[in-house]
Structures are given as structure tokens and as C-alpha cells.
There are 2 protein chains.
Amino acid sequence: MSSQPSASASVASSSRVLEHPDRSAIRLEAVLHALSDPMRLRVVRTLAAHGSEMACSDVELDVSKSTCTHHFRVLREAGVISQTYRGTSKMNGLRRADLDAVFPGLLDSVLAAAEGEERRLAAAH
Amino acid sequence: MSSQPSASASVASSSRVLEHPDRSAIRLEAVLHALSDPMRLRVVRTLAAHGSEMACSDVELDVSKSTCTHHFRVLREAGVISQTYRGTSKMNGLRRADLDAVFPGLLDSVLAAAEGEERRLAAAH
DNA sequence: GTCGTAGTACGGTAACTGTCAAACTACGAG
DNA sequence: CTCGTAGTTTGACAGTTACCGTACTACGAC
């Protein structure tokens, strides 16, 4: 049902391999659902701003480690991020190419929307 | 906290008035959550394709009336649609101007994404 | 006034979801 | 080998959500 991580992710460097949906198995509702949670949207915005892959622990969320694991898994299973183990760490990256191919402009419009909303809310306080 | 329906909706023609969030109270997460459900996405696509306002009963969903009421309310409370009573019917319209002002390009990219996904899934069968 | 329709409120069910602590595994450093 | 860290799994809890049937309200037609 799944394949190896997309081309944007490096080859796994441990025996632990993570399942990712094929580009063709990415569904809009799962993507929108994944992005509708504030924690996960924050992850995605952080990865987008950073540009290159980041370890889970480098993305600062104010929740427990088990909750972090939960949220990263939802993003991976929706096809929004790719994940690869590097020793004890797991490196995460946006599946930008896949998402832009399947839903052109969606990711950027969500990121821009979040940016704009954050600025408006900051200005309102 | 809410105001009268946005300018895109007509004046209410009955004593029943529905609360709608101000443009400034529309939140991205609520919008994405509202659009991540297949029933609600169908409503929004139908309203988008139709162009002008439609009655609840004119949007064909394969669920009970009480479930329809639930979904339309989620869309209204997220600020995605405006609703106005007309006799026994309730007229619904996309809050296109508000959504485009608050999250430029988001609605169109979601609609295009849904369109593209539908075509790909239809071609795959 | 009655009648039919659109839509609602309520209570219920079942599944989902986000949260966590605790115990765990996998890995690299030493 | 031990140790520390990253991340996981499990079970639990509480809240949310989509679904429904039923009884209801509001409205217009007559």
C-alpha cells in the first residue's frame, strides 16, 4: 500500500523503515484534516520555513513526546511529510514536490493563510 | 460575538436570524477543519459550482436531515458559508469575498484540488 | 384554521481525537 | 559492555464528532 519515502527524502540509514503513502494515495481530506490541527500546522510551517529536513526534537511543540509522535505520524500518513531515521533521530521534510504535483498551490496558500492570520492576531493584541 | 450575515447575503426575511462570525473572527483551523469532511467539501463545491445561493435541500447529500443541519452549521460557524431564512427554506452561499480577503487563494486552491482529485479517482476506476 | 415542507433540537450511539504517563526499543558515544 | 537520548507503544481519559430517529418549530399554501 505504501512505498519507500519520496525522492526528497534520503535513503533510510537504519533498519527502521517508515511507510509513506504513494503520491497517488494522497487524499485531500486527509491533508486538510492533518493541517487543521494547530500543532500539526505549526510543524508544517516550521519545516517550510526551515527549508531542509529537521529532527522531530528540533520542532518545538509544547506537548509531550508521545503526543509529538502522534502528530508527526498523522502528517506522514496523510502524505504531508516524509520521515527517515538517522541514528536515534528521525528527520522530517515536507513532501513539497508531491503536494504541489497533486494539489497545485494548496500548500503555499495554506502557509500564506497561516502567516497572514498570525500577523493579524499579533497586531490585534 | 457575531454580527449579521456578510454583505454577500440578503437581509433576513423572517424573524429567525443566524449568527455568523465576523470576517476578523474567521480562523484558518476552523476553515480547514470544516473543509476536511467529505460531506462539507461537497456542499462547498456544489455552492461554488452553482454560483448563486442554494437552499439546503437543493444540495444533495446522502445523509439524514439532522446530519445535514449539523454540517451546514459547522460551515457557517467556520465562516465558510452564509445562511439566510426564506420562508421554510434556508439559503446558503459561499462567503467568497470574506474568505478571499482573509486567506487569498485558499478557497480556489482547495476547490481546484478537490476537482483534480475527483478526476484522478474517476480515471483510476 | 389545517396541511405539508424545510429545517431544528435533543438524546443517543459509536468512533475518532488529542492528551498524557509509563514502560519500552533503537541507536550512538564512550 | 553501560549510559543517555530520541522516539515509540500502550492504555487510559476526556472531549469531539458524525451519524441517526424522533418530536418539534416556523413558514407558506390553501
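Rule-based calculations on the coordinates, nothing more; no lab input. Every value quoted in this text rests on a predicted model; they were computed, and no experiment measured them. Backbone-built Cβ (ideal geometry, glycine too); neighbour counts: all protein chains shown.
From the list B:VAL74, B:VAL80, B:VAL31, which one is within 14 Å of another protein chain (Cβ to nearest Cβ), within 12 Å of DNA strand C (Cβ to nearest atom) and under 22 Å from A:PRO38 (Cβ atoms)? Among B:VAL74, B:VAL80, B:VAL31, only B:VAL74 is within 14 Å of another protein chain (Cβ to nearest Cβ), within 12 Å of DNA strand C (Cβ to nearest atom) and under 22 Å from A:PRO38 (Cβ atoms).
The helices (runs of 4 or more DSSP H) found entirely in the stretch A:42-125 that carry 2 or more residues being surrounded by fewer than 19 Cβ atoms within 10 Å (Cβ to Cβ) and away from DNA strand D (no atom under 13 Å from the Cβ) are A:96-102, A:106-124.
Could you tell me whether B:MET39 is outside any helix (DSSP H, G or I), of a type in the set (A, V, I, L, M, F, W, C) and within 16 Å of DNA strand C (Cβ to nearest atom)? So that I can check it myself, show each step before the final result.
On the way: outside any helix (DSSP H, G or I): no; of a type in the set (A, V, I, L, M, F, W, C): yes; within 16 Å of DNA strand C (Cβ to nearest atom): yes.
When the stated conditions are applied, B:MET39 does not pass them.
Counting the residues of the stretch B:62-71 that are more than 8 Å from DNA strand C (Cβ to nearest atom) and under 16 Å from the mean Cα position of the chain (by Cα) gives 2.
Can you find even one residue in the stretch A:84-93 that is touching a strand residue (DSSP E or B) at 6+ places or on another chain (Cβ under 7 Å), without any contact (Cβ under 8 Å) to a residue 60 or more places away in the chain and away from DNA strand C (no atom under 11 Å from the Cβ)? There is at least one residue in the stretch A:84-93 that is touching a strand residue (DSSP E or B) at 6+ places or on another chain (Cβ under 7 Å), without any contact (Cβ under 8 Å) to a residue 60 or more places away in the chain and away from DNA strand C (no atom under 11 Å from the Cβ).
Residue-wise test of (1) closer than 17 Å to A:SER24 by Cα; (2) more than 11 Å from chain A (Cβ to nearest Cβ).
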residue: B:TYR85; (1), (2): no, yes
residue: B:MET91; (1), (2): no, yes
residue: B:ARG95; (1), (2): no, yes
residue: B:LEU99; (1), (2): no, no
residue: B:ASP108; (1), (2): no, no
residue: B:ALA112; (1), (2): yes, no
residue: B:ALA124; (1), (2): yes, no
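Of A:GLU118, A:GLU53, all but one fail to be in contact (Cβ under 8 Å) with a residue 40 or more places away in the chain and of a type in the set (Asp, Glu); the exception is A:GLU53.
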